[in-house]
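Following: one structure in structure tokens, then a few remarks.
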Amino acid sequence: MSTIKTVAVVGGGIGRSHITEGYVTNPDKFKVIAICDLDPARMNALADEFGIERRVTNFDDLLTMDDLDIIDVCTPPMVHYSMIMAALKAGKHVICEKPLVGSLKEVDEIIAAERQSKGILMPVFQYRFGNGIQQAKAIIDAGLAGKPFVGTVETLWRREADYYAVPWRGKWKTELGGVLMGHAIHPHDIFVYLMGPIRSLYGRVATRVNPIEVEDCISASVELESGALGSFTASLGSADEITRIRLAFENVTIESDHAPYNPGAALWKILPRDEPTRQAIDALLKDWKDVAPRFQSQMSRFHDHLMGKGPLPVTSADSRRALEIVTAFYHSSETRTEVAMPIGPGHPKYDSWLPEGFR
């Protein structure tokens, strides 16, 4: 039996990065056999560039391809839910870009559908991968960092009129949110990945940079289940662009590289509190094996999981935690109250975080 998994990429925008970074770099693991896009010109250009023969504009055509293993959803957010559910029902494995879906209710329905499907769902959080973040994760998981104290996340990017010229951006019904959904969701996921689950959040959102429906500035104070504290700040009005994550633990302080779109790749600043900690970290990392950044490692580890060789690198539960942060932000900002987690059925924004009039 061939170990190469066949892939259909749906959406040629961000889908191009999936092909170039995730599949071309893993030729022994994947083969892209189909492209699906509503724009024939973009679809054909992408297919011609990478020698992909099957080209379809109807998503349902992919569901009947018996030789197709994985459907990779890279479409605008408003159609993620229906595509994921249809692909899982067809028994396909699914990779899906962020945000996974538009409510906690929908993500819980997808988790339930996944349990009944032969297929496995992997949400995309490609910023988790690269030497910098993976070394930080190894130090924390080995217990060398000690008790977490505080952490800060700054997502300071720049988006102007040309970005919002794309018709579905900046609108509640199609983008499902603003800087929380399309930008800061990645660094917030990294924070939880390294520091642990959030117990409560008090946040505010505002639209101050662009004439759009959704927010482009946010700030929050969070408390973790461990008792550690954190702060989140993001804006799409920065003159330059950085992503900065700084985490203070009992034995070490860790700061990310400041690259906005690939903060996990370069080595992070690791500041041990004392010499014994430094020596223990040096010993842990002495035989470190390179971890490629972004999609290359995430897709490679997904293949490993499908072959029974490792854990699923990102799970639907991970995506739920990310969307829980989004839900808490919107509810807290609207009500001026602290929001406790987890958020379940019965919460006012469980079915949808969209404002009234946009649902």
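The values are calculated or read from the model by the stated rules, or taken from the named source; none is laboratory data. Since we're looking at a predicted model, the values are computed, not measured. Cβ: placed from backbone, ideal geometry, glycine included. Neighbour counts: every protein chain shown. Areas reflect the complete protein model, heavy atoms only, side chains present, ligands, DNA and RNA absent. Shrake-Rupley method; radii C 1.70, N 1.55, O 1.52, S 1.80 Å.
Summary of values
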read-out: Loop chymotrypsin sites (Phe, Trp or Tyr not before Pro), region 275-305, which have at most 12 other Cβ atoms in a 10 Å radius of their Cβ (DSSP); value: TRP288
read-out: Note, ³J(HN,Hα) from phi for region 189-205, Karplus 6.51, -1.76, 1.60, rounded to Hz, x at Gly and Pro; value: 5, 4, 4, 5, 4, 9, 9, x, x, 8, 8, 7, 9, 10, x, 9, 10
read-out: Fraction of alpha-carbon pairs over 18 Å apart in region 245-359 - percent; value: 71
read-out: Estimated vicinal HN-Hα couplings, Hz - region 246-252 in sequence order (Karplus 6.51, -1.76, 1.60; Gly, Pro = x); value: 10, 10, 9, 10, 4, 10, 7
read-out: Long-range HN-HN contacts of LEU121 with modeled amide H, under 5 Å; value: VAL94
read-out: Estimated dipole of the chain in Debye, rounded to 20 [Cβ of Lys and Arg +1, of Asp and Glu -1, Cα centre]; value: 340
read-out: Accessible area of region 192-292 belonging to carbon and sulfur atoms, whole % at 1.4 Å probe; value: 50
read-out: Long-range lysine pairs (8 or more apart or interchain), region 9-139, Cα under 21 Å; value: 8
read-out: Sulfur and carbon atoms: percent of accessible area, region 53-168 [1.4 Å]; value: 50
read-out: Segments 147-158, 109-120 sorted - mean Cβ within 10 Å per residue, highest first; value: 147-158, 109-120
read-out: Potential extension, PHE50-ILE242 segment - 0.36 nm per residue separation minus Cα distance; value: 65.9 nm
read-out: Residue-normalised accessible area of the chain, given per residue in Å² at a 1.4 Å probe; value: 42
read-out: Pairwise label distance in nanometres, THR335 with TYR350, each label 7 Å out on the Cα-Cβ vector; value: 1.3
read-out: Average projection area in nm² (convex hull over Cα atoms of the chain, one quarter of hull surface); value: 18.2
read-out: Within region 230-282, chymotrypsin sites (Phe, Trp or Tyr not before Pro) in DSSP loop having at most 15 other beta-carbon neighbours inside 10 Å; value: TYR261
read-out: In order through region 104-110: 3J(HN,Hα) via Karplus (6.51 cos²θ - 1.76 cosθ + 1.60), integer Hz, x for Gly, Pro; value: 5, 4, 5, 5, 5, 5, 5
